[in-house]
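One structure below.
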Amino acid sequence: MNLVQLEVALIRLAIISLILFIIFIIVYYWKSRKSSNNYLENKEITLRYFIQKQVDHTGKVIGYECLLRQQNEDGTWSLPKKLDSLPLQRVVFLLERTFKSLPEEPIRLSINLEYNQIISSDFHYFVRWAISKIDPMKLSIEYTAGHEPKYMNKRLFENRIREARNYDMQFSIDNVGSEMKSLKEIEWMLPFVDSIKCSMRNFRKNDPSVWLDLNLQSWNKISKEHNIELILMGVENKDDEDLAQMLKINTRQGYLFGHPENPKKDEVRSDGKKG
């Protein structure tokens with residue numbers, strides 16, 4: 001073998017090695033992603049959506065939130081792990097039953113979704129399906145910032161939300177915190193956000209000397225500046241309610257108004273029909 005033939009052989013070997021390396025990386029990435037994201041695809045895991053009331057300053061029910069729960073071995077229910085591993089197809093299956101227990105009233109129904117679910121190609125179908133099923137209720141998709149991957153596709157995420165809002169869907173940011181990073185995580189979303197939810201648990205201070213970067217009044221001001229509704233969660237006692245009243249936060253949610261309820265299949269709706 002002369003020098004030229006050796007060079008050609010080495011180039012071919014390098015090209016083949018590169019192709020095999022790329023194939024290995026693709027297969028490894030796909031398998032690792034599949035193994036980490038298929039947890040809730042397991043049909044043996046019992047899941048159900050509980051519902052919790054949202055009320056206004058008079059105590060009138062103005063909405064419900066659907067909260068996903070997983071049944072434990074002892075029969076109790078708790079928040080599942082790896083929420084982003086739940087395919088939207090299974091979300092649809094689970095919500096079918098939940099929707100039957102809800103009243104037919106023109107109030108809001110909130111459903112929590114994760115980043116992977118929102119950027120899914122099934123997202124627009126899900127939104128249209130949910131809106132058609134809950135009419136005359138209004139659909140709000142809630143998202144908790146900070147759970148997205150390190151390299152978030154912001155453009156795709158925003159496009160998914162903006163297009164879905166054309167169907168009259170509302171978009172809500174759930175559970176913002178008291179640290180400045182909580183605001184920085186969602187600042188780019190504010191132009192297409194309809195509501196922001198604060199939980200009292202993030203703003204209670206056992207030590208008065210503890211400094212909060214953002215308090216409820218801060219979020220109240222931010223929401224007003226951007227024409228966004230502010231919702232107060234975790235309202236557990238009269239002091240919490242008085243604070244909401246003082247800040248003029250109209251929509252409230254928490255144990256003071258009712259715990260999340262497990263909807264029964266034969267529950268009677270407000271219109272007198274069985275679910």
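Helix 123-134 and the longest principal axis of the C-alpha atoms of the chain enclose an angle of approximately 20°.
Measuring between alpha carbons in the structure, the pairs from LYS100/LYS154; LYS133/LYS221; LYS184/LYS224 lying more than 29 angstrom apart are LYS100/LYS154; LYS133/LYS221.
Given their separation in residues at 0.36 nm each and the Cα-Cα distance between them, PHE93 and GLU187 gain 30.5 nm when the chain is fully extended. Loop-located chymotrypsin sites (Phe, Trp or Tyr not before Pro) in segment 139-193 (DSSP state other than H, G, I, E, B) with a sparse environment of at most 13 neighbouring Cβ atoms within 10 Å: TYR151, TYR167.
Using all pairs of distinct alpha-carbon atoms, the Kirkwood hydrodynamic radius of segment 183-268 works out to 14.5 angstrom.
Shape descriptor for segment 122-244: Rg over Rh equals 1.01 (Cα atoms; Rh from the Kirkwood inverse mean 1/r). Applying 0.36 nm per residue to the separation of TYR255 and GLU225 and subtracting their alpha-carbon distance, the gain on full extension is 7.9 nm.
Please work out whether segment 44-252 counts as rounded, prolate or oblate from its C-alpha gyration tensor, where a ≥ b ≥ c are the square roots of the eigenvalues and a/c under 1.5 means rounded, while otherwise a/b larger than b/c means prolate and anything else oblate? It is rounded, given that a/c, with a ≥ b ≥ c, falls under 1.5. In the chain the longest region clear of trypsin sites (Lys or Arg not before Pro) that are loop-assigned by DSSP and have at most 14 other C-beta atoms within 10 Å covers 83-149. The relative contact order of segment 44-252, computed from alpha carbon pairs under 8 Å that lie at least 6 residues apart in sequence, is 16 percent. Our estimate of slack between GLU105 and ASP242, defined as 0.36 nm per intervening residue step minus the Cα-Cα distance, is 46.5 nm.
Counting only DSSP beta bridges whose two residues both lie in the chain, roughly 40 percent are antiparallel.
Readers should treat all values here as calculations from the given coordinates under stated rules, not as data from a laboratory. These figures come from a predicted structure and were not determined experimentally. Quick reminder, even Gly has a Cβ in these numbers, built from the backbone with ideal geometry, and neighbours come from all protein chains shown.
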